[in-house]
């Protein structure tokens with residue numbers, strides 16, 4: 001009996017080692033610094049995540065990589081969403097995360113009563129960053145499909161995502177937001193939308209941002225009420241939150257990429273969101289880009 005237990009434990013250790021080895025080496029991360037000559041050579045750094053085998057196939061001209069653009073929250077770095085980037089990369093996407101704000105940028109002025117609470121200039125700057133990043137990435141990785149991209153964003157990045165989709169719907173394949181608070185959802189049903197919502201008492205969406213259940217059903221919008229906090233939805237968040245989001249996001253991508261249409265997903269938190277990490281194993285933040293635990297997104 002003891003020998004059997006030892007064998008079982010040894011096998012478990014081997015599986016764990018193989019698991020973390022695959023997690024470390026299967027996906028390549030790279031940060032590229034671009035400079036936009038039309039905006040005084042503004043630095044637009046992008047973090048790229050791509051599965052190595054898929055990148056090799058794309059470079060050989062065998063496939064075109066689908067593209068996902070990940071937009072960070074206000075005061076949060078573009079490298080702090082590796083748990084999301086890894087889901088897309090694992091699914092064969094080229095995941096691109098631009099840095100939208102710089103230390104030299106003027107402070108954000110928020111005024112209640114103004115459009116998006118005075119955040120429109122920052123949102124428009126994010127849209128310009130996305131277009132410039134895509135333009136430059138076409139040179140760096142030409143074997144990817146930039147015509148229609150999956151747009152993703154947390155908090156302020158979610159508002160940038162929704163605003164971009166509103167302004168350029170023909171450039172959008174799918175939309176994923178995590179607790180966007182200012183820019184209302186698109187309800188025309190032109191593409192599938194998945195949105196994770198927090199139950200944070202401090203970070204609440206403005207009136208009219210999130211559609212009601214009937215509008216969501218008609219427009220193909222899936223709203224997942226997670227029960228997590230607003231700041232849980234990034235690399236520094238608890239593992240339970242990240243694993244839950246990974247699992248539902250992976251399911252969304254699997255179903256929508258396979259059929260072109262997202263099947264109905266429960267809008268209440270299912271068991272999979274509280275217990276199982278799901279099929280995507282890569283939720284560990286990049287060791288080279290640690291983020292302080294006590295930093296919070298501001299909105």
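The values are calculated or read from the model by the stated rules, or taken from the named source; none is laboratory data. Since the structure is predicted, the reported quantities are computational estimates derived from the model, not experimental observations. As a convention, Cβ positions derive from the backbone with ideal geometry for all residues, glycine included, and neighbour counts pool all protein chains shown.
Pull out all pairs, ordered by first then second residue, where Cβ-Cβ is under 8 Å, the residues are six or more apart or on different chains, the first lies in the range 178-190 and is on the phi > 0 side of the Ramachandran plot and at pLDDT 95 or above, and the second is assigned to a loop (DSSP other than H, G, I, E, B) and surrounded by 23 or more Cβ atoms within 10 Å (Cβ to Cβ).
Every condition considered, the pairs that remain are 179/155; 179/198; 179/233.
Checking residue 100 against (1) surrounded by fewer than 23 Cβ atoms within 10 Å (Cβ to Cβ); (2) under 19 Å from residue 41 (Cα atoms), only one condition comes out false. Which one?
It fails just one condition, (1).
Could you check how many residues of the range 128-147 are free of Cβ contacts under 8 Å to residues at least 60 places away in the same chain and crowded, with 19+ Cβ neighbours inside 10 Å? Walk me through how you get there before you give the answer.
Of all residues in the range 128-147, those free of Cβ contacts under 8 Å to residues at least 60 places away in the same chain come to 131, 135, 138-139, 142, 147.
Narrowing the set further to residues that are crowded, with 19+ Cβ neighbours inside 10 Å leaves none.
Residues that pass the stated criteria total 0.
Got a number for residues in the range 44-70 being assigned to a strand (DSSP E or B) and either free of Cβ contacts under 8 Å to residues at least 24 places away in the same chain or under 18 Å from residue 157 (Cβ atoms) (or both)? Full working, then the answer.
Within the range 44-70, the subset assigned to a strand (DSSP E or B) is 44-51, 65-70.
From what's left, either free of Cβ contacts under 8 Å to residues at least 24 places away in the same chain or under 18 Å from residue 157 (Cβ atoms) (or both): 44-49, 67-70.
Looking only at that region, the number is 10.
Of the residues that sit in the range 213-252 and are out of contact with any helix residue (DSSP H, G or I) (no Cβ under 7 Å at 6 or more places or on another chain), part of a loop (DSSP other than H, G, I, E, B) and at pLDDT 95 or above, which one is farthest from residue 71 (Cα to Cα)?
So the residue we want is 229.
Check 112, 149 and return the single one that is at pLDDT below 95 and either over 18 Å from the mean Cα position of the chain (by Cα) or not in a helix (DSSP H, G or I) (or both).
Working: 149 fails: at pLDDT below 95.
Checking each option against the conditions leaves just 112.
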